[in-house]
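A.B. asks: There's a structure below that I have some questions on.
The values are calculated or read from the model by the stated rules, or taken from the named source; none is laboratory data. Every value quoted in this text rests on a predicted model; they were computed, and no experiment measured them. So basically every Cβ, Gly included, is an ideal-geometry build from the backbone, and we count neighbours across all protein chains shown.
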């Protein structure tokens, strides 16, 4: 077999296809493995932060003995709501690891929890009315985005279900 015949056989047969797709496949696998490793580190960091937040919230209970009960309970409530926001971030990270994408509803849920924590924190600190108006507008916008994201989600809808859904009805 001459050099050109052997070269033609390699270029015309399956080894060429294998050789062309192998580097792309390796890069994709490396990307996925690297992303999963980094997200594992992020998950570990979030869990450590969550544990530290629980310890801090527990230690803030000493305020019940030092300060007014109202002040102590406000601090514990704000700490708890902040920890719930961290749990939502963890949920979003885990969803990316399992699905390979981030769902818009998870992001909106996370931001909603953070914004509600901010509203309650400002309320306890005695914020001004324009701060509440701005935060309320953001919460209203996020709520509408959440409804639209769920209503028009590409997942789990069939053409029959889409045909039976009215235009802008949210029910």
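A.B. asks: Take the residues of region 60-76 that are surrounded by 15 or more Cβ atoms within 10 Å (Cβ to Cβ) and touching a helix residue (DSSP H, G or I) at 6+ places or on another chain (Cβ under 7 Å): which is nearest to residue 91 (Cα to Cα)? Please lay out each step first, then the result.
C.D. replies: Residues of region 60-76 that are surrounded by 15 or more Cβ atoms within 10 Å (Cβ to Cβ), as a first pass: 60, 63, 72-76.
Subset that is touching a helix residue (DSSP H, G or I) at 6+ places or on another chain (Cβ under 7 Å): 60, 63, 72, 74-76.
On the way: 60: 26, 63: 31, 72: 29, 74: 26, 75: 24, 76: 22 Å.
Per the criteria, the residue is 76.
A.B. asks: (1) modelled with pLDDT of 75 or more; (2) under 22 Å from the mean Cα position of the chain (by Cα): which one isn't true of residue 156, the others all being true?
C.D. replies: Result: residue 156 passes all but (1).
A.B. asks: For residue 85, are the conditions met, namely being part of a helix (DSSP H, G or I), out of contact with any strand residue (DSSP E or B) (no Cβ under 6 Å at 6 or more places or on another chain) and either surrounded by 12 or more Cβ atoms within 10 Å (Cβ to Cβ) or modelled with pLDDT of 85 or more (or both)?
C.D. replies: Numbers: part of a helix (DSSP H, G or I): yes; out of contact with any strand residue (DSSP E or B) (no Cβ under 6 Å at 6 or more places or on another chain): yes; either surrounded by 12 or more Cβ atoms within 10 Å (Cβ to Cβ) or modelled with pLDDT of 85 or more (or both): yes.
Criteria met by residue 85.
A.B. asks: Could you pull out the residue among 80, 92 that is in contact with a helix residue (DSSP H, G or I) (Cβ under 7 Å, 6 or more places away or on another chain) and closer than 26 Å to residue 148 by Cα? I'd like the intermediate steps shown before the answer.
C.D. replies: Working: 80 fails: closer than 26 Å to residue 148 by Cα.
Every option except 92 fails the conditions.
A.B. asks: Here is a further query. Determine which member of the set 4, 35, 57, 45 is at pLDDT 85 or above and either loosely packed, with under 10 Cβ neighbours inside 10 Å or within 26 Å of residue 103 (Cβ to Cβ) (or both). Talk me through it step by step, then tell me what you get.
C.D. replies: Values: 4 fails: at pLDDT 85 or above; 35 fails: at pLDDT 85 or above; 57 fails: either loosely packed, with under 10 Cβ neighbours inside 10 Å or within 26 Å of residue 103 (Cβ to Cβ) (or both).
Selected residue: 45, the only one of 4, 35, 57, 45 that is at pLDDT 85 or above and either loosely packed, with under 10 Cβ neighbours inside 10 Å or within 26 Å of residue 103 (Cβ to Cβ) (or both).
A.B. asks: For residue 50, are the conditions met, namely being under 26 Å from residue 95 (Cβ atoms), within 19 Å of the chain's Cα centre (by Cα), surrounded by 12 or more Cβ atoms within 10 Å (Cβ to Cβ) and modelled with pLDDT of 90 or more? Give the steps one after another, and end with the answer.
C.D. replies: Numbers: under 26 Å from residue 95 (Cβ atoms): yes; within 19 Å of the chain's Cα centre (by Cα): yes; surrounded by 12 or more Cβ atoms within 10 Å (Cβ to Cβ): yes; modelled with pLDDT of 90 or more: yes.
Taking the combined requirement at face value, the residue satisfies it.
A.B. asks: For region 106-118, name all the residues that are surrounded by fewer than 17 Cβ atoms within 10 Å (Cβ to Cβ) and under 8 Å from the mean Cα position of the chain (by Cα).
C.D. replies: none
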